[in-house]
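Reading through the structure tokens given below for one structure.
None of the figures in this text is laboratory data; all of them are computed from the coordinates on show. No experiment lies behind these values; they were computed from the predicted model shown. So basically every Cβ, Gly included, is an ideal-geometry build from the backbone, and we count neighbours across all protein chains shown.
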Amino acid sequence: MIETYVKNLKKYLKDRAPDTLVILGSGLGALAENVLEPKTIAYKALGLPEINVQGHSGQLTLGKIGQKDVLLMQGRYHLYEGHQPQLIRDMLSAFANCGIKRLIVTNAAGSLNPKIKAGSVVLIKDHINLSGQNPLVGANDDSLGPRFPSMENVYALSERKKLKKIAKRHHINIKEGVYMMVLGPNFETPAEVKAFRRLGADIIGMSTVTESIAAAYLSLPVLGLSVITNMASGLQKKELSHAETLETAQKASEKLSVLIRAYLEENM
Ligand code: HPA
């Protein structure tokens, strides 16, 4: 499959050469709507499976942010939909083969940490893979990456430092945290939330880690950003109204767009 993705991607990219891939999480697609010279293609036309989650259209957009071409994925493959984790490895391998040198992943996440409130933006500093799945399972192609890749510096310190400086300059308050991935699709029980907090996770979601593991395997540095949409089960005394949740998510996603834009413009 990798060869098919590569062939289709090259046809789509023509002479443009983006080196950054941004994966946009649920409700965070706005960034892709504000790029210059956009060129959009459905995942299906690239030979990739379709996506059928609300809020995800399943398309790739090539466009300019500042002077620079970037690729943005609107819609991601969630394992809880039944997608094979190796799909993520193969897809990112194809992107790397076409010149992608770094990955920015975004997601909507719940907070396990009382100090991290709904509406905030969290810079992922590390992860805990509790999904029970791994994109690297199966025979290894040594030309892509090592059989036993290190996960020591997945969320590159250098890039996190840059992002923190940008946030400061834009007066955007961000915290760093450990992201835990669960398979889903159910939300956690209150007992699970307590247990996961003790394990050292600050925020939780059903994506991202698969992509980060595959990126680390391919030696692509990752910048990970989460928008906190809710406190995890049992941590919120009063239930947020749906309108409040949407509003906080919306505001936070604007902050996220500002951060990613500035990061890309300053790192050409
Ligand atoms: N748990 C898991 N995934 C999530 C949550 C949550 O509370 N919020 C958004 N994605």
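Out of every Cα-Cα pair that the chain contains, those further apart than 29 angstrom amount to 27 percent.
Modelled label positions at K7 and H170, each set 7 Å beyond Cα in the direction of Cβ, lie 4.0 nm from each other.
Hey, what number do you get for the chain at 222 nm if only DSSP H runs of n ≥ 4 count, each worth -39500 (n - 2.57), divided across all residues, to the nearest 500?
Dividing the helical sum by the residues of the chain leaves -10000 deg cm²/dmol.
K7: which lysines have alpha carbons under 22 Å from its alpha carbon, excluding same-chain residues fewer than 8 sequence positions away? The qualifying lysines are K39, K44, K101. When the chain is described by a simple charge dipole with +1 on each Lys and Arg Cβ and -1 on each Asp and Glu Cβ, the residue from L87, T189, I100 located farthest towards its positive end is I100.
Here segment 2-266 is assigned +1 on the Cβ of each Lys and Arg and -1 on the Cβ of each Asp and Glu. Its dipole about the Cα centre then comes out at about 760 debye. In this simple spin-label approximation, E81 and A30 carry label points 7 Å from Cα along the Cα→Cβ vector, and these lie 2.3 nm apart.
Less than 10 Å Cβ to Cβ from Y179, Lys/Arg counted +1 and Asp/Glu -1: what total charge do the surrounding residues give? Mind showing how you got there, number by number?
Numbers: positive: K125; negative: D126, D202.
Residues near Y179 contribute -1 overall.
Taking a sphere under 14 Å around the Cβ of K161 and counting the other residues whose Cβ falls inside, with K and R at +1 and D and E at -1, yields a net charge of +4.
Put a plus charge on the Cβ of each Lys and Arg, a minus charge on the Cβ of each Asp and Glu, and nothing anywhere else: the dipole of segment 33-188 about its Cα centre is then about 940 debye. Considering only Cα atoms, the convex hull volume of segment 1-139 works out to 134 Å³ per residue. Projecting label points 7 angstrom from Cα along Cα→Cβ for E265 and Q236 puts them 3.3 nm apart.
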